[in-house]
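Working notes, structure below.
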Amino acid sequence: MNLSGGLGIRFDRDQAANTNVKMGTITVNGAGSHAVETWNIDGLTIDKVVARNVGECGLLLQKTTNARVGLVDGDNVATGTGYATFRMANNNGQLASGAYTPNVFVDKVVSRGGGRGVFCVSQSGGAVISQVDLANNGNNAILLENCYNVAINGGTVNGGGEVRVSSRTEFPVSSDLTIKLTVNNNSVRESPCGNNINWSISGNAAQTLC
């Protein structure tokens, strides 16, 4: 899709839930809002989301469980905003039981410039991201805020805004996170302290951890 504003694909929050949704390669250029946004899906498979010059998120998952995503690739996505190339929000990955057993699997997130790279917020989690390749993000390269049972298992961050684990007071603090990364020309911070946060950081990044 080559757009001059608007949205790429959206599953609306206030409509009936969906199951077993499959997308191949979705390429969106020029959306003013999100390239792909989901709500209320159980069973989602996406091969690739390629977002270029998009105003808000490349891929935004909300209240979505049992998801498998190959690649999220964003360039100039969410510039000047708190959005991200890949964002999980609003209880994404929380199972019906309330548990955050891993059920959202992403092979790779690539992000260049724009706003944030990877952003998990508002009681989301249950996610495993195998690899990231993030550079020169205008906001946090990675922000995990009030997120639970998330693993980022490898990859690189170069420049951009800091890699951070954080929590707002209205939700339980972030917990059960594993972050294994090479981070250069940036900083890594955990504030406020979470519970069972496991860092494995190489590279020249300054680290302020609990």
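Every number in this text was worked out from the coordinates using simple rules, so none of it is lab data. Nothing here was measured: the structure is a model prediction, and the numbers come from that model. So basically every Cβ, Gly included, is an ideal-geometry build from the backbone, and we count neighbours across all protein chains shown.
Compare the peptides 46-55, 91-100 by average per-residue count of other Cβ atoms within 10 angstrom and give them in order, highest first. Before the final figure, lay out each step's value.
Working: 46-55: 22.0, 91-100: 16.7.
Listed from highest to lowest mean packing, they are 46-55, 91-100.
Considering every Cα-Cα pair within segment 1-66, what fraction, in whole percent, is farther apart than 14 Å?
Cα-Cα pairs in segment 1-66 separated by more than 14 Å: 53 percent.
Take the alpha-carbon positions of the chain, form their convex hull, and give its projected area averaged over all directions (one quarter of the hull surface) in nm². Don't skip to the end; give the middle numbers.
On the way: hull surface 40.4 nm².
Average of the hull's projected areas for the chain equals 10.1 nm².
Among the DSSP beta bridges whose two residues both lie in the chain, what percent are antiparallel, rounded to the nearest 5?
Working: 0 of 89 bridges.
If we restrict to bridges inside the chain, about 0 percent are antiparallel.
Per the Kirkwood formula on distinct C-alpha pairs, the Rh of segment 148-202 is how many angstrom?
This gives a value of 11.7 Å.
Along the charge dipole of segment 9-208, pointing to its positive end and built from +1/-1 on Cβ of Lys, Arg, Asp and Glu, which listed residue (ALA89, TRP199, ASN40) has its Cα farthest out?
The residue sitting most towards the positive pole is TRP199.
Starting with the fewest neighbours, write out ASP12, ASP75 ranked by other beta-carbon atoms found within 10 Å of each beta-carbon. Working shown, then result.
Details: ASP12 10, ASP75 17.
Ranking ASP12, ASP75 by Cβ neighbours within 10 Å, fewest first, gives ASP12, ASP75.
At q = 0.16, 0.20, 0.22 Å⁻¹, what is the base-10 log of I(q)/I(0) for segment 1-115 according to the Debye formula with one equal point scatterer per Cα and no solvent? Please give it to two decimals.
For the requested q values the scattering log ratios are -0.66, -1.01, -1.19.
Looking at GLY138, GLN123, LEU60, which one has the Cα that reaches farthest to the positive end of the dipole of the chain (charges on Cβ: Lys, Arg +1; Asp, Glu -1)?
Most positive-ward Cα: GLY138.
Fewest first, what order do ARG112, ARG168, ARG68 take by the number of other Cβ atoms within 10 Å? Don't skip to the end; give the middle numbers.
Details: ARG112 18, ARG168 12, ARG68 15.
Sorted ascending by nearby Cβ count, the order is ARG168, ARG68, ARG112.
Using unit Cβ charges (K, R positive; D, E negative) and no other charged atoms, how large, in debye to the nearest 20, is the dipole of the chain about its Cα centre? Don't skip to the end; give the middle numbers.
Numbers: 15 positive and 15 negative charges, 31 e Å.
Charge dipole, the chain, about its Cα centre: 140 debye, nearest 20.
Give a residue-ordered list of calculated ³J(HN,Hα) values for segment 87-98 (Karplus: 6.51 cos²θ - 1.76 cosθ + 1.60, θ = phi - 60°; whole Hz; x for Gly, Pro).
Whole-Hz 3J(HN,Hα) from phi for segment 87-98: 10, 10, 8, 6, 6, 4, x, 7, 6, 4, 6, x.
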